[in-house]
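Everything below concerns the one structure shown next.
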Amino acid sequence: MIEIEKLDIRFGATHAVRGVSFQVSLGETFGLVGESGSGKSTVLRAMAGLVQEWTGRIAVNGRPLARRRDRAFFRMVQMVFQDPYGSLHPRQTVDRILSEPLAVHGIGNADARILRALEEVALPRAARFRYPHQLSGGQRQRVAIARALIAAPSILLLDEPTSALDVSVQAEVLNLLSDLRAARGLTCILVSHNLAVVAHLCGRVAVMQGGRIVEELDEAALRAGRAAHPHTRDLIRLSHDLEGMTP
Amino acid sequence: MSTAPLVEVKNLRVDFPSATGVTHAVRGVSFSLGKEKLGIVGESGSGKSVTGRALMRLLPASTKAQADVLRFGETDILHASERQMRALRGRRIGLILQDPKYSLNPVMTAGAQIAEALRAHRRIGRREAREASLDLLEGVKIRDPRRVHDAYPHELSGGMGQRVMIAMMLAPNPELLIADEPTSALDASVQAEILRLIEELVDTRGMALMLISHDLPLVSHFCDRVAVMYAGQVMEELPAAELHKATHGYTRGLLECLPSLTERRPRLPTLNRDPAWLAPRP
């Protein structure tokens, strides 16, 4: 469903992404892991059309994408950002935030759709006319997910969707994402530095370092620690180390 | 030397009055701290940061803080003069904040900020301060102290910025280091490096450490004891090594809702918040 081939991104003198290629099939969730500066978020932003200085090939359903994306693209592809504090307009109510994608795509029946969207992400009806600052971090991230899904996209891009949240809220949001993914048959790309989160949601994972994919492995290999590249092994060891304390 | 612990907190209560009523942020927290590493863990809003701030009396003027005992060394924090508090803050209690991007001064070089911290507490000359800053940067394991010394915060990575912050806090040689989410803005691998560094410095300098974080497994890795906070109260305090023996429902809930790399779980257990946890504790 998604093909990325020899993706190269430079910002001035910085060579952020160096020849990245991977494919994601329909209904699959693909993980991109790496440390900050590894280029993982930049790949996602190029896919979303937020970065235009790329070369290579990005194709969805076999059709290559142009630098500038049209409205149909944004109907199909939506993104959830890391920080719900930063990604929601502080002076718009939840109702207004959720109306916007409907207005942009000319989708009618807004009232019923907004109510359904709130229900889907398990937000109370009372949240509809609140402002982001009146909601908790977890509720805000639910609003961001509802906004991404309200125009019924088929591809969801997730950039560290739970790393700004408490672990208890992270569990709720991860469960919500698995439910929505199953219900809507979404294809997802998840960017995260947390291996446990990636293993939880993704069937396949690419490990990035210095703008390159150094290794691609499936969930079973990741969980079993069967990694070939030293960087992947380092990341796995670290994750095991920290997990060692949990029962 | 007396045997009294460095820090003693008994029945600390902190209230934030607001237009819509009073928020009881901390509701009767007690603990004592010697030359050891205490982790304070809880979700956002549990009162963990406010507890740390109360020890330095760094809360808004409208805040009402009360306690039966709130003592650092021989200083009674609640009744100390502002002058006495200034002698404590930075000099004897260091505070490391979450994000070096916001907590470092963007228009001063790293070296100038460390030198400022040094000269605020000790009468030393410029050149001596520079030498001491370079030593401190080396102490926090920065490979190229000279470059970092002359760099502005935006020229440094998050991990590097946090090292500068730590160097700055260590400059006056404090007895207690309060680290409030010191690594949550950092990558997992850098996180471990920074915490290992803090651990090592605390051990070699014989300081006390209060590590405030939402990350229970991470904290227990680096602390001797862990206090778990919920809604302004300590639910449970236990030796970090015995975390797996935690009995309180909230502590267990926090541990169980984490996704695991080794074990596959289709659904994560979520926290069922027991209303009984809110009841005032004895």
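Taken together, the values in this text are just the output of simple stated rules run on the coordinates, not laboratory data. Here the structure is a predicted model, which is why all the values come from computation and not from measurement. A quick note on method: Cβ atoms are made from the backbone with ideal geometry, for glycine too, and the neighbour counts reach across all protein chains shown.
At what distance in angstrom do the alpha carbon centres of segment B:1-59 and segment A:174-195 lie from each other? Going from one Cα centre to the other spans 38 Å.
Over the C-alpha atoms of chain B, the Rg to Rh ratio, Rh being the Kirkwood estimate, stands at 0.98. Over the protein assembly as shown, the pair-distance histogram of Cα-Cα distances with 10 Å bins from zero comes to 3, 17, 25, 26, 18, 8, 2, 0 percent, rounded to whole numbers.
Bridge orientation summary for chain A: considering DSSP beta bridges with both residues in this region, about 55 percent are antiparallel. In segment B:103-173, taking the dipole from charged Cβ atoms about the Cα centre, the farthest positive-side position among B:Ile166, B:Val148, B:Leu136 is held by B:Leu136. Under a 5 Å amide H cut-off, with hydrogens placed 1.01 Å from N, B:Met229 pairs with B:Val41, B:Gly42, B:Met235 among residues at least 5 apart or on other chains. Among the GluC sites (Glu not before Pro) in segment B:178-282, those located in a DSSP loop and surrounded by at most 12 other Cβ atoms within 10 Å of their own Cβ are B:Glu263.
Each Lys and Arg Cβ is given +1 and each Asp and Glu Cβ -1; about its Cα centre, the protein assembly as shown then shows a dipole of about 1160 debye. Calculate one ³J(HN,Hα) per residue across segment A:33-46 by plugging θ = phi - 60° into the Karplus curve 6.51 cos²θ - 1.76 cosθ + 1.60, and present them in order as whole Hz with x for glycine and proline. Each residue's phi maps through the Karplus curve to give 10, x, 7, 5, x, 7, x, 5, 5, 5, 4, 5, 5, 5 Hz. With the convex hull of the Cα atoms taken as the outline of segment B:103-173, the averaged projected area works out to 4.1 nm².
Within chain B, DSSP assigns beta bridges of which about 55% are antiparallel (rounded to the nearest 5). Under 5 Å between amide hydrogens, built in the peptide plane, is the criterion, and for A:Glu215 it picks out A:Val207 among residues at least 5 positions away or on other chains. Of the residues B:Leu95, B:Leu134, B:Leu58, the one that moves most in a GNM of chain B with alpha-carbon contacts below 10 Å is B:Leu58.
The angle between the Cα long axis of helix A:110-120 and the longest principal axis of the Cα atoms of chain A comes to about 50 degrees, rounded to the nearest 10.
For B:Gly45, nonlocal amide neighbours, meaning residues 5 or more places apart or on other chains whose placed amide H falls under 5 Å from its own, do not occur.
Dividing the summed -39500 (n - 2.57) terms of all DSSP H runs of n ≥ 4 by the residue count of the protein assembly as shown sets its mean residue ellipticity at 222 nm at -11000 deg cm²/dmol.
Considering only DSSP beta bridges where both residues belong to the protein assembly as shown, give the percentage that are antiparallel (nearest 5). The antiparallel fraction comes to roughly 55 percent. Between the beta carbons of A:Arg67 and B:Asn11, assuming R0 = 56 Å, the FRET efficiency works out to 0.35 to the nearest 0.05. For chain B, the longest principal axis of the Cα atoms and the long axis of helix B:188-205 meet at an angle of about 70 degrees.
Scanning chain A for trypsin sites (Lys or Arg not before Pro) that sit in a DSSP loop and have at most 13 other Cβ atoms within 10 Å, the longest stretch containing none of them is A:92-225.
Taking every lysine pair in the protein assembly as shown that is 8 or more places apart or spans two chains, those with Cα atoms closer than 18 Å amount to 5. Here the Karplus curve 6.51 cos²θ - 1.76 cosθ + 1.60, taken at θ = phi - 60°, turns the phi angles of segment A:162-176 into couplings of 10, 6, 9, 10, 4, 4, 5, 6, 4, 4, 5, 5, 5, 4, 4 Hz, with x standing for Gly and Pro. Phi-derived couplings, Karplus 6.51 cos²θ - 1.76 cosθ + 1.60 at θ = phi - 60°, listed residue by residue for segment A:122-132: 6, 9, x, 4, 5, 6, 4, 9, 8, 9, x Hz, with x used for Gly and Pro.
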